[in-house]
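Trainee: Below is the structure I would like to discuss, written out as structure tokens.
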Amino acid sequence: MKEIAKNKKAYFDYEILESLEAGIVLVGSEVKAIRAGRVNLKDNFVRIVRGEAFVFGMHIAHLETANAHYKPDEMRARKLLLHKKQLMKWFSQVGQQRLSIVALKLYFNHRNKAKLQVALVKGKKLYDKRESMKKKALEMDAKMALKNHSKGS
């Protein structure tokens, strides 16, 4: 599995309840751009429209080496390929419990297909975010202490 892009902001802003792998409908030049790493997953969201899932706000930049006359919109809504049963389950949860669906990672699987890891998430409160920052700072301090301790030996 070759990870191309990760939505770090989503891990900070949301509590991840459930995640799954989704296929994504792309055009050829977008696949080339993804392979080159020209993707931004920040500020994306998934919306279910007429029983189909679409990801909005995902930016895939145009490659200069691709055909100049054919330029797909870099911010267009891209269709996600999910099982209908899973889609309907998440759709009901989003409506009832005020949850959201966001993309976490974009990667190529072992069959060399572009996949998007999407997750059902719940927004964190400000105090939860502060708690996450404290925990991260403590972990960093512990790593530095171990690193400095091993150098001294």
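Trainee: Can you show me the helix-derived [θ] at 222 nm for the chain, built from DSSP H runs with n ≥ 4 at -39,500 (n - 2.57) apiece and divided by the number of residues, rounded to the nearest 500. Walk me through the intermediate numbers first.
Mentor: Details: 4 runs with 55 residues, N = 153.
Helices in the chain give a 222 nm mean residue ellipticity of -11500 deg cm²/dmol.
Trainee: Something else about it: Only Lys, Arg, Asp and Glu count, each charged at its Cβ (+1, +1, -1, -1), so figure out the dipole size of the chain about its Cα centre, rounded to 20 debye. Don't jump to the answer; show the numbers that get you there.
Mentor: Numbers: 33 positive and 15 negative charges, 45 e Å.
It works out to roughly 220 debye.
Trainee: Here is a follow-up. Between Val25, Val55, Val118, where does the largest GNM mean-square fluctuation fall for the chain, given springs only between Cα atoms within less than 10 Å?
Mentor: The residue that fluctuates most here is Val25.
Trainee: Calculate the spin-label point distance for Lys9 paired with Arg111, positioning each point 7 Å from the Cα along the beta-carbon direction, and give it in nanometres.
Mentor: Rounded to a tenth, the inter-label distance reads 3.2 nm.
Trainee: Give the relative contact order (percent, whole number) for the range 11-153; include only Cα pairs under 8 Å separated by 6+ residues. Let's see the in-between values first.
Mentor: On the way: 207 pairs, mean separation 43.5, N = 143.
Value for the range 11-153: 30 percent.
Trainee: While we're here: Say R0 is 35 Å: what FRET efficiency, to the nearest 0.05, do Met140 and Asn40 get from their beta-carbon distance? Write down the numbers at each step before the final one.
Mentor: Numbers: r = 26 Å, r/R0 = 0.73.
The computed FRET efficiency comes out at 0.85.
Trainee: Something else: What is the spin-label model distance, in nm, from Val25 to Met75 if the labels are put 7 Å beyond Cα along the C-beta direction?
Mentor: So the label points at Val25 and Met75 sit 2.2 nm apart.
Trainee: Kyte-Doolittle mean at least -0.5 and Cα extent at least 24 Å along the axis: which DSSP H helices of the chain qualify? If you can, show how the numbers build up before the last one.
Mentor: Working: long enough: 126-152 (39 Å, -1.23).
Sorted by number, there is nothing, because no helix extends far enough and scores high enough.
Trainee: Could you tell me whether the range 111-153 comes out rounded, prolate or oblate from its Cα gyration tensor? Rule is a ≥ b ≥ c as square roots of the eigenvalues, rounded for a/c under 1.5, then prolate if a/b exceeds b/c, otherwise oblate.
Mentor: Details: a/c = 7.70, a/b = 1.45, b/c = 5.31.
Taking the square roots of the gyration eigenvalues as a ≥ b ≥ c, the range 111-153 is oblate.
Trainee: If you don't mind, another one. Under a no-solvent Debye model with one identical scatterer per Cα of the range 1-134, what's log10 I(q)/I(0) at q = 0.09, 0.19 Å⁻¹?
Mentor: -0.28, -1.09
Bear in mind these aren't lab numbers, they're just calculated from the coordinates by the rules spelled out. None of these values were measured; they are calculated from a predicted model. No Cβ is skipped: glycine too gets one built from the backbone with ideal geometry, and neighbour counts run over all protein chains shown.
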